[in-house]
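Please read the structure below before turning to the comments.
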Amino acid sequence: MDQSPTPSFQTLYHQYIDAFNAHSWEGVQACLSPNVEIYVRGKLALKDDWEKLKKDFMDHWALPNARVSIPQLEEFENGVVVKVLDHARNQIVDVTYTYALQEGKWLQVRHEVHEVTKVTAEQDDSADTRTGE
């Protein structure tokens, strides 16, 4: 059994968000398991389709103000539960990201989108979990 120490999933998640906000497909892909599964409201929405996943990211990055911030983040045993403020789409997305150790690296293996809510201008000004942002 691998005795690798469990990392800060908060730190790993911020690496993913930094890559997302840099519009770096390679950076995002480096955070994801090759077998990542994406669920939306309990239903499997994407698995084993890197071309579609890449297209989804590229389409999002083509929108004006295509960045996200994280007004709420809680770490749990194998990942993080977050509220993602999507500035391009003016919405808050409640998501659970689950990690697993694969070939010596902690990668996201599952995204579970629970709820998507439109936001007001006041909510859009929410602070990120990291100070100064």
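In region 7-26, the residues that are at negative phi reach residues that are surrounded by 14 or more Cβ atoms within 10 Å (Cβ to Cβ) and small (Gly, Ala, Ser) with C-beta atoms within less than 7 angstrom, at least six apart or across chains, in these pairs: Phe9/Gly79; Ala19/Gly27. Just so you know, in region 13-63 the residues that are in contact with a strand residue (DSSP E or B) (Cβ under 9 Å, 6 or more places away or on another chain) and of a type in the set (Val, Ile, Thr) include one that is nearest to Asp94 (Cα to Cα), and it is Val40.
Taking (1) surrounded by fewer than 16 Cβ atoms within 10 Å (Cβ to Cβ); (2) touching a strand residue (DSSP E or B) at 6+ places or on another chain (Cβ under 7 Å); (3) not in a strand (DSSP E or B) in turn, Ala100 satisfies each apart from (3).
Each reported figure results from applying straightforward, stated rules to the coordinates on display, with no laboratory input. Bear in mind the structure is a predicted one, so any value in this text is a computation, not a measurement. Positions of Cβ are backbone-derived with ideal geometry, glycine not excepted, and every protein chain shown enters the neighbour counts.
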